[in-house]
1. Does the range 26-38 contain at least one residue that is open to solvent by 10 Å² or more (accessible area, probe 1.4 Å), in contact (Cβ under 8 Å) with a residue 60 or more places away in the chain and closer than 28 Å to Arg130 by Cα?
2. Got at least one residue in the range 41-61 being open to solvent by 50 Å² or more (accessible area, probe 1.4 Å), in contact with a Ser or Thr (Cβ under 6 Å, 6 or more places away or on another chain) and at pLDDT 95 or above?
3. Given (1) within 17 Å of the chain's Cα centre (by Cα); (2) open to solvent by 10 Å² or more (accessible area, probe 1.4 Å), where does Met238 come up short, assuming only one miss?
4. Determine which member of the set Thr444, Thr429 is open to solvent by less than 30 Å² (accessible area, probe 1.4 Å), at pLDDT 90 or above and at negative phi.
5. So, Leu406, is that one crowded, with 19+ Cβ neighbours inside 10 Å and under 28 Å from Glu64 (Cα atoms) or not?
6. For the range 469-497, which positions are assigned to a loop (DSSP other than H, G, I, E, B) and over 15 Å from Leu555 (Cα atoms)?
7. So, Lys474, is that one charged (D, E, K, R), surrounded by 19 or more Cβ atoms within 10 Å (Cβ to Cβ) and closer than 17 Å to Val529 by Cβ or not?
8. Kindly list the number of the only condition in (1) free of Cβ contacts under 8 Å to residues at least 60 places away in the same chain; (2) within 24 Å of the chain's Cα centre (by Cα); (3) over 15 Å from Phe81 (Cβ atoms) that fails for Ser11.
Amino acid sequence: MNKTQAWYEASNRTWGQVLAESVARIPEQDIVVYGAHRLTYGQFYKKVQAFASALLKLGVSRDEHTSIWMTNCVEWMVAQFSAYEIGSPLVPINTRMTTDEVTYSLKQSDASTLIVGSRFIGPPENGLERLQALIPEAFEQDRDKLNCKKLPRLRRIIYLGDVSDTPRGAYSFHEVLDSGTEVPSDVRNSVKPSDVCNLIYTSGTTGFPKGGMSMHRNNLAAMGAWIKRADLRQGDRMYLGVPFATNFGCAYVSQLSVLAGSTVIAHEVFDPAEALKTIEDEKVTWFPGAPTMYIMMLNDPSLNDVDLSSLRAAIVGGAPCPPETIRAMKDQMGFNFVVHCYGLSECGGLSTSTLIDDAIEKTANTVGKPFDSVELQITDPVSGNALAAESQGEIWLRDVEPGSCLGKGYYNMQEATAKAITSDGWFRTGDLGVLDNDGYLSITGRTGDMFLVGGYNAYPAEIEAVLHTHPSVKMAQVFGVPDKDKRLGEVGCAYIELKDQCEEGEEEIIDFCRQKLANYKIPRHVVFVSGEDFPLTASGKVRKFILRERAITHLELKE
């Protein structure tokens with residue numbers, strides 16, 4: 001068997017099969033830890049079998065979608081792998097979403113089952129209050145006759161909380177779990193590697209979210225490649241500080257840990273001091289996070305008071321990470337290596353990464369090389385022609401083997417799917433990038449983020465990269481705003497957080513840019529803010545459209 005056949009054959013499985021194999025190897029090892037709650041692989045598997053078989057008794061089938069709307073907890077992973085076990089595509093719902101956003105996702109995805117938690121982050125924190133606002137029928141109708149006006153496909157609600165608090169129209173998570181036994185082998189065997197396992201909605205930084213459909217096969221191909229690239233080992237202890245409901249949490253923490261045989265150490269929400277203490281207490285070895293998370297820990301007063309000697313690997317994704325931050329991560333936190341990665345839920349979760357022995361500059365300025373399962377091309381988005389190395393264009397991805405990279409497009413959105421996937425199988429990511437002569441990819445922006453200054457294309461990521469080289473700049477976000485003089489159409493605006501004790505002004509920042517950027521790329525407006533002022537999605541991405549709206553109001557600009 002050649003190299004290509006070996007990795008492709010390894011992806012020709014389902015997540016139910018992968019879990020069973022890991023349980024057989026390491027039944028006594030922890031699989032998930034959340035505060036005082038922890039489950040070994042053996043305990044976890046028994047709960048998955050029980051909950052999955054109970055879902056079957058309630059009428060859930062592989063033709064129906066199961067949605068989870070809960071904060072991080074051990075039950076989240078139980079519900080996740082229970083859905084995989086019976087072939088019901090999973091629809092993770094972010095707990096930071098508003099009622100309208102949740103209604104949209106549940107309706108658009110045709111979810112028939114909703115598993116909801118009793119507590120949330122942010123008002124209202126009470127899960128019953130949120131459920132009342134979302135589905136009032138849950139408090140008025142019997143659970144076996146649920147008929148929701150806004151969500152006609154929804155058939156059942158399962159509530160994780162005290163049994164006595166369970167609404168009339170919902171089933172108790174604990175009672176459902178206790179009623180289960182084991183999934184029949186014919187049901188388990190009916191799930192295929194080409195079936196959809198996750199239906200993950202885009203972050204919604206712009207426009208309406210779309211539900212990207214990932215298969216067992218392309219997720220497994222990506223995670224298998226990632227394990228080798230990032231040196232994830234059986235027994236590693238992996239931190240989770242973002243929601244399970246994101247691509248980050250659901251795929252390259254939860255799924256990845258089960259495939260590798262590692263342990264997930266989950267927090268409900270990231271707090272730098274709590275994360276540092278958890279690294280010490282739980283002997284965390286493998287830490288995935290956005291650059292902002294590392295910056296917050298490096299600046300936390302408790303950094304020098306905790307034992308971080310267990311740390312081995314830092315995984316960075318979701319945003320650029322300055323070289324000085326990577327150096328500090330190694331020098332002050334003790335990471336052996338830092339790996340930078342890039343991926344989309346529509347394409348298996350991950351597609352590229354740097355290597356563990358890459359130079360710091362390479363790790364900081366690129367997101368590495370494509371996996372063996374991924375064909376990557378920098379493309380002229382208008383003509384569709386491939387561009388040479390060192391040329392900027394749109395990043396397109398394609399399968400190396402059938403189903404090794406691309407999922408099945410967007411659920412119930414034929415037009416969006418046709419727009420995203422070309423007739424010859426390329427996926428248009430919407431991300432702009434450059435491949436260097438070594439084959440390493442740099443992300444330079446989003447096609448939608450680009451703004452026109454007097455007819456010239458300006459790319460925010462390029463300008464942000466320059467601003468991050470300024471010794472006083474901690475974080476910078478750039479976007480286009482209307483030109484007050486109505487001469488250039490749009491001009492650049494930079495929202496900047498300065499490092500502690502730094503007092504640069506707007507002119508100093510603009511003068512710095514003049515030395516390094518063409519005139520049309522120089523921000524015309526600089527707004528200084530604190531880190532808390534950057535509105536983030538749950539996966540750590542800055543919602544630039546919100547910053548843009550704030551800037552237009554703050555600067556008294558009119559579109």
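The values are calculated or read from the model by the stated rules, or taken from the named source; none is laboratory data. Being a predicted model, the structure only gives us computed values, none of them experimental. Glycine also receives a Cβ, built like all others from the backbone with ideal geometry; neighbour counts cover every protein chain displayed. What goes into the accessible areas is simple: the full protein's heavy atoms, side chains included, and nothing from ligands, DNA or RNA. Shrake-Rupley method; radii C 1.70, N 1.55, O 1.52, S 1.80 Å.
1. Here is the first cut: in the range 26-38, the residues open to solvent by 10 Å² or more (accessible area, probe 1.4 Å) are 26-30, 34-38.
After this cut, where a residue has to be in contact (Cβ under 8 Å) with a residue 60 or more places away in the chain as well, the list is 26, 29-30, 34.
Among the residues that remain, those that are also closer than 28 Å to Arg130 by Cα are: 34.
Within the range 26-38, one or more residues are open to solvent by 10 Å² or more (accessible area, probe 1.4 Å), in contact (Cβ under 8 Å) with a residue 60 or more places away in the chain and closer than 28 Å to Arg130 by Cα.
2. The answer is no, given that none of the residues of the range 41-61 is open to solvent by 50 Å² or more (accessible area, probe 1.4 Å), in contact with a Ser or Thr (Cβ under 6 Å, 6 or more places away or on another chain) and at pLDDT 95 or above.
3. Of (1) within 17 Å of the chain's Cα centre (by Cα); (2) open to solvent by 10 Å² or more (accessible area, probe 1.4 Å), only one is false for Met238: (2).
4. Values: Thr444 fails: at pLDDT 90 or above.
Testing whether each residue is open to solvent by less than 30 Å² (accessible area, probe 1.4 Å), at pLDDT 90 or above and at negative phi leaves just Thr429.
5. Against the criterion (crowded, with 19+ Cβ neighbours inside 10 Å and under 28 Å from Glu64 (Cα atoms)), Leu406 qualifies.
6. Result: Thr469, His470, Pro471, Ser472, Arg487, Leu488.
7. Numbers: charged (D, E, K, R): yes; surrounded by 19 or more Cβ atoms within 10 Å (Cβ to Cβ): yes; closer than 17 Å to Val529 by Cβ: yes.
When the stated conditions are applied, Lys474 passes them.
8. (1)
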